[in-house]
Amino acid sequence: MAIWLKKSFFVLISILTFGLVSPSQAFLNEEGHALAKSNGKPSSVESAEEEVLQEETVLSREDFLEQMMEQAEKNSYEKFGTKIKPAIEDEFRSVILPKMEHAIEQTSLQYEEDLSCLVISEVPHYARTEKIFHIYDKRTGEDVIRFHVRKDHPPKDGYYFNFHYHTVHDDFQTHHDLGSIYWDKNTPPQWMSVS
């Protein structure tokens, strides 16, 4: 069934029943909810109402950056978990976040006409990967910029968290360095670990 037809049908049902009856989850999830398949991006049915509201609102660059940075910080801390966050939070906030903001701002310059089409993916629940979050174009579902963190352990040295990003301009091949934060000589806990 075409997406526009599903959306229209859902709106029609909602209007006719005024919330008394809601469509079954099977209907809403016909295309599947597999976040792992969609790389942490919500399904189109899940975000249909949100997209309609966002399409009607044109974001200023300042509002866009503020929203992005708020979500970027939230996603980063979720990725770190309560074991890693307290140890690196101050340095992350003062060194890495400003560089993330600059990278997001530079990327947003290419979407001057409609910044509301750029959204941040959720933090993946499979925490062993490098992914912190990706920013993607919700119209196409294609990633625009990917923010990652990697655990590095140089020989005869302690552990570091290396923050970097990749862009669509070189097919995500180049590591654009944001900086590294020293952890300790001991192995750091898994991502999203809680104390």
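The values are calculated or read from the model by the stated rules, or taken from the named source; none is laboratory data. Small disclaimer: the values here were computed from a predicted structure and weren't measured. All Cβ positions, glycine included, derive from the backbone under ideal geometry; neighbour counts span all protein chains shown. Please note that ligands, DNA and RNA were not included when accessible areas were found on the heavy atoms of the full protein model with its side chains. Shrake-Rupley method; radii C 1.70, N 1.55, O 1.52, S 1.80 Å.
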Farthest positive-ward along segment 120-195 dipole, Cα basis, beta-carbon charges - from N162, S193, H176: S193
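Could you tell me what percent of the accessible area of segment 81-175 is made up of carbon and sulfur, with a 1.4 Å probe and every protein chain present? Show your work: numbers first, answer last.
Details: 2350 of 4800 Å².
Its accessible area is 49 percent carbon and sulfur atoms.
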Per residue value of the accessible surface for segment 73-195 (all protein chains in place, 1.4 Å probe), Å²: 51 Å²
Relative contact order computed over segment 133-187 (Cα-Cα under 8 Å; 6+ residues apart), in percent: 28 percent
Cα-centre dipole for segment 67-128 with unit charges at Cβ (Lys and Arg positive, Asp and Glu negative), debye to 20: 500 debye
Dipole magnitude of segment 113-195 about its Cα centre (Cβ charges: Lys, Arg +1; Asp, Glu -1), debye to nearest 20: 480 debye
Average Cα contact separation per residue, segment 98-195, under 8 Å, 6 or more apart, as relative contact order %: 19 percent
Calculated FRET value between E105 and K85, using beta carbons and R₀ = 22 Å, to 0.05: 0.35
